[in-house]
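Have a look at the structure below, then the notes.
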Amino acid sequence: MSEVLVLVDHVDGEVKKVAFELLTAARRLGEPSAVVVGEPGVAAKLNDVLRTYGAAKVYAAESAEAGQYLVTPSVDVLAELVGSVSPVAVLLPASVDGKEIAGRLAVRTGAGLLSEAVDLDGEGVASHSLFGGGYVAKAKVVKGAPVVTVLPGAIEAEQAEGAAAEHAVEVPAPDATKSARITGREPVEGGDRPELTEASVVVSGGRGVGSAESFEVVEKLADSLGAAVGASRAAVDSGFYPHQFQVGQTGKTVSPQLYIALGISGAIQHRAGMQTSKTIVAVNKDTEAPIFEIADFGVVGDLFAVAPQLADEIGKR
Ligand code: FAD
């Protein structure tokens, strides 16, 4: 059966949820091969969990330096594998790193690239959500081994037993004169909450929240739901919340089961980052706010009255 390469996103010895979603999508196309790039021993640690999501093979691309550089080791390893195993496709998460690796890989291998797919069928046709979720565009790569990035949360992960046979792959030594080296990693504020792009529930605040202090209302509702906190660009630009939590065209793209927008008008650039959420709830005091056009449930009201009541009710359950 044809191989489908899946780049495994992992951090601190844990596989990110998106990798399971990609392995699920890969099974529609062929036999999933998980590609783990990292420090020595990491693939063996992840092997059991990758097996339970149907990985037939696990390519262990390990070296002391692999985790110390940004995207180049993954690009090198995937390009090498594309040449040696001729996969039917390469799937990566549509994360900041995933998209950069995908772009470089497509150029390196001369293949077509599809970015931010929300679905992928067994024929390799990728679906993309456009214009506030109003249109779905379908596309297929016609040249080379397709490189496809898939939005985290877009595809539901399903378990399946795989062999997870481990194969060692050499990681070319990164060219220190051309590659960006990681000099340190620090946990960010809000680190106890789920990561924005991985969370199944996201509560975001906009300019309507009014101040950095008032963002506590957003955080309290998020914590009652075990959710991640997001923010609109207006909220970020006004200094209410840090930039790494911005959702939208120039921020992060999220696709959770539930997205709650508090005091966000719903500009097209914001929608671009959250329109594929499965259920959208909006709280806005303006009945004409465009966010209501894409909301599944809308509350016309003051977020400072609605959000605390909601958090209290959820807390009681
Ligand atoms: P506003 O549009 O000002 O809306 C605030 C809303 O809060 C209003 O609807 C108001 O009715 C409501 N409100 C006020 N008080 C309350 C209250 N007490 N209770 C309930 N509701 C209340 N934006 C992004 O978000 N992400 C991006 O990545 C992004 N990228 C951009 C890229 C470009 C190139 C450009 C040009 C713009 C980009 N923007 C982005 C900005 C975008 O166009 C909007 O300006 C921004 O999304 C507006 O944020 P907002 O909805 O929080 O603010």
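The values are calculated or read from the model by the stated rules, or taken from the named source; none is laboratory data. Fair warning: this is a prediction, and the values are worked out from it, not measured in the lab. Cβ placement follows ideal geometry from the backbone for every residue including glycine, while neighbour counts extend to all protein chains displayed.
Computed values, structure above
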read-out	value
Wholly within the stretch 209-317, helices (runs of 4 or more DSSP H) carrying at least 1 residues that are among the hydroxyl-bearing types (Ser, Thr, Tyr)	215-225
Criterion (surrounded by 13 or more Cβ atoms within 10 Å (Cβ to Cβ), under 28 Å from Gly41 (Cα atoms) and of a type in the set (Ser, Thr, Tyr)) met by exactly one of Ser179, Ser204, Ser214, Ser232	Ser179
Answer residue from the stretch 289-317, given it is in contact with a Ser or Thr (Cβ under 8 Å, 6 or more places away or on another chain) and closer than 16 Å to His270 by Cβ and is nearest to the ligand (Cβ to nearest atom) among those	Ala289
Conditions (1) modelled with pLDDT of 85 or more; (2) over 30 Å from Val247 (Cβ atoms); (3) not acidic (Asp, Glu); number of the one not met by Ser200	(2)
Near pairs, Cβ below 6 angstrom, 6+ apart or cross-chain, from the stretch 293-317 (acidic (Asp, Glu)) to any residue that is modelled with pLDDT of 95 or more and surrounded by fewer than 18 Cβ atoms within 10 Å (Cβ to Cβ)	Asp296/Thr279; Asp302/Lys285
Matching option when the condition is over 24 Å from Lys285 (Cα atoms), out of contact with any Pro (no Cβ under 8 Å at 6 or more places or on another chain), part of a loop (DSSP other than H, G, I, E, B) and of a type in the set (S, T, N, Q), among Thr183, Thr197	Thr183
Ala154 part of a loop (DSSP other than H, G, I, E, B) and farther than 15 Å from Tyr241 by Cβ	yes
Any chance Val35 is hydrophobic (A, V, I, L, M, F, W, C) and within 22 Å of Ser179 (Cα to Cα)	yes
Some residue of the stretch 124-144 being among the small types (Gly, Ala, Ser), in contact with a helix residue (DSSP H, G or I) (Cβ under 8 Å, 6 or more places away or on another chain) and part of a strand (DSSP E or B)	no
Qualifying positions in the stretch 245-276 - near the ligand (Cβ under 9 Å from one of its atoms) and more than 18 Å from Ala154 (Cα to Cα)	Gln246, Thr250, Ala261, Leu262, Gly263, Ile264, Ser265, Gly266, Ala267, Ile268, Gln269
Residue among Ala305, Ala282 that alone is small (Gly, Ala, Ser), within 20 Å of Ser224 (Cα to Cα), surrounded by fewer than 20 Cβ atoms within 10 Å (Cβ to Cβ) and at pLDDT 95 or above	Ala305
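Residue-by-condition table, conditions (1) in contact with a strand residue (DSSP E or B) (Cβ under 7 Å, 6 or more places away or on another chain); (2) free of Cβ contacts under 8 Å to residues at least 40 places away in the same chain; (3) near the ligand (Cβ under 8 Å from one of its atoms):
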{"site": "Arg207", "(1), (2), (3)": "no, no, yes"}
{"site": "Glu213", "(1), (2), (3)": "no, yes, no"}
{"site": "Glu219", "(1), (2), (3)": "yes, yes, no"}
{"site": "Gly226", "(1), (2), (3)": "yes, yes, no"}
{"site": "Ala231", "(1), (2), (3)": "yes, yes, yes"}
{"site": "Pro242", "(1), (2), (3)": "no, no, no"}
